[in-house]
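S.K.: Next up is a structure, given as structure tokens.
Just so you know, all these numbers are worked out from the coordinates, no wet-lab data involved. Nothing here was measured: the structure is a model prediction, and the numbers come from that model. When we count neighbours, we look across all protein chains shown, and the Cβ atoms used for this are built from the backbone with ideal geometry, even at glycine.
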Amino acid sequence: MSTSVLVIEDDVSIQEVLRYSLVQAGFHVQIAGSAEEAQSFISRVLPDVVLVDLMLPGISGSAFARQLRQNARTRELPLIMVTARADESDRIAGLELGADDYLPKPFSPRELVARIRAVLRRRAPQHSGESIELGRLSLDPMAHTVTLDGRQLDIGPTEYKLLHYLMTHTGRVFGRQQLLNAVWGDHRFIEERTVDVYVRRLRACLGDDGEELVETVRGVGYKMSAPASPRSEQSQTAL
């Protein structure tokens with residue numbers, strides 16, 4: 001599934017330019033003409049990143065950014081402010097409100113796409129579209145493939161999403177609810193034990209390395225660890 005971008009912009013001509021540029025870059029785009037309309041979108045499904053113009057009718061972009069950062073559900077949502085106000089004081093104010101980046105108008109579509117991808121690499125690497133290498137394990141989001149020791153694995157779509165998320169957050173421990181929100185979406189009503197089922201399936205896909213790669217942290221949840229060297233290499237080293 002492509003990365004979803006919510007654009008909050010009241011100028012129709014700018015909306016269309018942004019829509020075209022972002023769709024061409026491979027993003028799924030939703031447009032809101034006001035903060036109030038954006039609230040309706042976000043109440044249903046969280047986007048992967050938000051672009052907000054500071055100067056909006058009704059609730060201002062800065063007030064909306066403040067609301068996002070004060071709400072536990074949207075506190076970590078990647079946020080880029082796009083505005084004609086380019087003074088240093090405006091940029092500082094925007095960043096202090098919690099924006100991850102601040103892009104003054106006019107700007108090139110290529111720069112906007114580059115900024116979005118840079119923010120995603122920092123805040124939500126599972127949506128950055130970059131390949132991941134973790135020791136002997138590799139994941140290519142563009143080809144939608146996973147290889148272990150150079151051998152392509154047969155892996156289902158949900159197991160793939162779970163693996164992708166864990167590989168982009170190696171070493172971090174996640175509870176079941178966190179994984180549900182990240183992989184299935186916080187708008188889905190699914191039992192937490194569903195995570196256990198898919199962890200077992202993912203481990204089965206990873207074969208003998210499954211238990212080692214996807215560790216259980218008792219009483220907390222799961223984490224991803226780098227795979228050890230192949231057993232044959234370990235045996236040769238021991239000899």
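S.K.: How much length would be gained if the chain were fully extended between GLU130 and ARG69, taking 0.36 nm per residue of separation minus their Cα-Cα distance, in nm to one decimal?
M.R.: Stretched fully, the GLU130-ARG69 segment lengthens by 19.3 nm.
S.K.: Among the trypsin sites (Lys or Arg not before Pro) within segment 12-98, which fall in a DSSP loop and have no more than 12 other Cβ atoms within 10 Å of their own Cβ? If you can, show how the numbers build up before the last one.
M.R.: Values: sites: ARG19, ARG44, ARG66, ARG69, ARG73, ARG75, ARG85, ARG91; in loops: ARG73, ARG75, ARG85.
Within segment 12-98, the qualifying trypsin sites (Lys or Arg not before Pro) (loop, at most 12 other Cβ atoms within 10 Å) are ARG73, ARG75.
S.K.: Suppose the chain between SER2 and HIS144 were pulled fully straight at 0.36 nm per residue; how much longer would it get relative to their current alpha carbon spacing?
M.R.: Numbers: separation 142, 0.36 × 142 = 51.12 nm, distance 1.18 nm.
That works out to 49.9 nm of additional length.
S.K.: Next question. Per residue of segment 176-181, in order, report the coupling 6.51 cos²θ - 1.76 cosθ + 1.60 (Karplus, θ = phi - 60°) as ³J(HN,Hα) in whole Hz, putting x for Gly and Pro.
M.R.: Karplus values, whole Hz, x for Gly and Pro: 4, 5, 4, 5, 4, 5.
S.K.: Just to confirm the number: angle between the C-alpha axis of helix 157-167 and the first principal axis of the chain, 0 to 90 degrees, nearest 10?
M.R.: 90 degrees
S.K.: Further question: May I ask for the angle, rounded to the nearest 10°, between helix 193-206 and the longest principal axis of the chain, with both axes built from Cα atoms and the value confined to 0 to 90°?
M.R.: Once rounded, the angle reads 60 degrees.
S.K.: In whole Hz and in residue order, list the ³J(HN,Hα) couplings for segment 41-47 that follow from phi through the Karplus curve 6.51 cos²θ - 1.76 cosθ + 1.60, θ = phi - 60°; x for Gly and Pro.
M.R.: Going residue by residue, I get 4, 5, 5, 8, 9, 6, x Hz, with x marking Gly and Pro.
S.K.: Count the net charge of all other residues whose Cβ sits under 15 Å from the Cβ of THR145, scoring Lys and Arg as +1 and Asp and Glu as -1. Walk me through the numbers before you get to the answer.
M.R.: Working: positive: ARG136, ARG151, LYS161; negative: GLU130, GLU133, ASP140, ASP149, ASP154, GLU159.
Taking every other residue near THR145 into account, the sum is -3.
S.K.: Right, something else. Along segment 13-27, what does the Karplus equation 6.51 cos²θ - 1.76 cosθ + 1.60 (θ = phi - 60°) give for ³J(HN,Hα), rounded to whole Hz, x for Gly and Pro?
M.R.: 5, 5, 3, 5, 5, 5, 4, 4, 5, 6, 5, 4, 7, x, 8
S.K.: Given R₀ = 22 Å, FRET efficiency for ASN181-GLN39 by Cβ-Cβ distance, to 0.05? Intermediate values should be presented prior to the final figure.
M.R.: Values: r = 19 Å, r/R0 = 0.86.
With R0 = 22 Å, the Cβ-Cβ based efficiency is 0.70.
S.K.: So in the chain, what percent of DSSP beta bridges are antiparallel if you round to the nearest 5? Don't jump to the answer; show the numbers that get you there.
M.R.: On the way: 14 of 31 bridges.
Antiparallel bridges: around 45 percent, rounded to the nearest 5.
S.K.: Something else about it: For GLU96 and MET55, what is the calculated FRET efficiency with R₀ set at 25 Å and r taken between the beta-carbons, to the nearest 0.05? Working shown, then result.
M.R.: Values: r = 18 Å, r/R0 = 0.71.
Computed FRET efficiency for GLU96 and MET55: 0.90.
S.K.: Tell me the relative contact order for segment 7-81 as a rounded percent, counting alpha carbon contacts under 8 Å between residues six or more apart. Could you put the intermediate results ahead of the total?
M.R.: Numbers: 85 pairs, mean separation 23.8, N = 75.
Relative CO of segment 7-81 lands at 32 percent.
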